[in-house]
Amino acid sequence: MEKKGTGNGVAAMAAYYQSFDPVAYLQYNYTPPRADFERHDSIVPWKLGCLHRAFTEGDVNGELLVDIGSGPTLYQVLSGCELFGKVVLTDFLEVNRRELRRWLQDEEGCSLDWTPYLQHVCKLEGRRPSAWTEKAARLRQVVSDILPIDVHCPQPLAPNALPSAGADCLVSSFCLESVSPDLTTFTRALGHIRGLLRPGGHLLLIGALGESYYLGGPGVKIPVVPLNEAQVCTSLKDSGYTLIRLEVYNLPEDMRVGVDDVSGVFFVKARKE
Ligand code: U87
């Protein structure tokens with residue numbers, strides 16, 4: 001029987017991701033109903049609200065923000081980009097890094113129009129929606145790198161990818177549980193990314209609860225380690241974080257659109273002592 005969290009569980013996950021399809025993935029999770037800005041009970045507005053509060057309540061500060069496992073999405077740094085002078089995006093797959101690069105270099109052929117997201121976060125900040133062009137310019141100004149990452153490595157990023165002091169804040173959305181074969185590996189990955197964070201720095205973690213799989217493209221069924229709130233709290237403590245706040249969103253029926261079996265979403269604000 002394969003010992004928990006060993007190599008071939010991780011290797012198997014990497015194999016699943018070779019057929020990840022960013023275009024399909026964005027359609028599944030970042031269009032209505034999951035991304036419906038008219039509905040306060042839609043998933044994406046809930047996530048953006050949590051991030052806005054966490055970045056603007058005054059205790060998160062510094063120069064460098066790093067997003068762990070960005071995928072082909074930018075929503076997770078739309079609030080943080082106003083606070084941090086340098087933002088680093090990361091992902092395991094070149095297809096996702098290319099999607100991010102395409103938007104940041106304002107090239108043709110982006111797979112998703114992020115305008116409604118930019119407008120929504122401007123509203124959360126009390127700005128007029130038309131200020132989205134300023135936020136887009138700010139984001140393109142502060143994103144300094146789009147780097148390869150593997151959270152299963154003790155050093156998830158290349159040596160010297162970050163200043164020796166480390167990042168002032170980490171944000172990570174739906175990554176660790178979606179790339180780990182089991183809870184042990186999930187907790188170990190939390191420890192690996194902690195090494196990228198300076199003492200006193202914050203971790204803003206968004207993740208899925210009760211999920212066992214999701215579709216990374218047509219017929220691309222990717223396993224997920226099912227988590228509950230207690231396990232998330234224990235894993236954070238065991239990997240050396242102090243929990244500040246845990247918020248939970250339970251999926252309304254019409255957010256269950258057949259692209260996964262997620263039942264809830266958690267938002268964690270934690271600190272590295
Ligand atoms: C997002 N952050 O959409 N090391 O928020 C590091 C790796 C590794 C590895 C693979 C999963 C999506 C979850 C982005 C992308 C997150 N990706 C990379 C999905 C599942 C619930 C749900 C989802 C999305 C890989 C939205 C909503 C819900 C992906 C990223 C995981 N179901 N990173 N070893 N292996 N990755 O390339 O980009 O992790 Cl609303 Cl409910």
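The values are calculated or read from the model by the stated rules, or taken from the named source; none is laboratory data. Please read all numbers here as calculations on a predicted model, not as lab measurements. Cβ sites come from the backbone with ideal geometry, for glycine too, and all protein chains shown count toward neighbours.
If you go through region 120-156 and pick out every residue that is without any contact (Cβ under 8 Å) to a residue 24 or more places away in the chain and on the phi < 0 side of the Ramachandran plot, you end up with 13. Examine region 218-230 for a residue that is of a type in the set (A, V, I, L, M, F, W, C) and in a helix (DSSP H, G or I), and state whether such a residue exists. The answer is yes, given that some residue of region 218-230 is of a type in the set (A, V, I, L, M, F, W, C) and in a helix (DSSP H, G or I).
Kindly check whether there is at least one residue in region 30-40 that is part of a helix (DSSP H, G or I), within 17 Å of Tyr117 (Cβ to Cβ) and either aliphatic (A, V, I, L, M) or without any contact (Cβ under 8 Å) to a residue 12 or more places away in the chain (or both). Taking every residue of region 30-40 in turn, none turns out to be part of a helix (DSSP H, G or I), within 17 Å of Tyr117 (Cβ to Cβ) and either aliphatic (A, V, I, L, M) or without any contact (Cβ under 8 Å) to a residue 12 or more places away in the chain (or both). Within region 24-46, the set of residues being among the hydroxyl-bearing types (Ser, Thr, Tyr) and out of contact with any Ser or Thr (no Cβ under 8 Å at 6 or more places or on another chain) comprises Tyr25, Tyr28, Thr31, Ser42.
In summary, helices (runs of 4 or more DSSP H) completely within region 113-189 and bearing 2 or more residues that are among the charged types (D, E, K, R), over 27 Å from Gly200 (Cα atoms) and touching an Asp or Glu at 6+ places or on another chain (Cβ under 9 Å) occur at 132-142.
Would you check if Leu104 is hydrophobic (A, V, I, L, M, F, W, C) and either near the ligand (Cβ under 9 Å from one of its atoms) or crowded, with 21+ Cβ neighbours inside 10 Å (or both)? No. Regarding Glu273, is this residue modelled with pLDDT under 95 and in contact with a Ser or Thr (Cβ under 8 Å, 6 or more places away or on another chain)? In short, yes. For region 60-101, the set of residues classified as assigned to a loop (DSSP other than H, G, I, E, B), surrounded by fewer than 24 Cβ atoms within 10 Å (Cβ to Cβ) and among the β-branched types (Val, Ile, Thr) consists of Val60 only.
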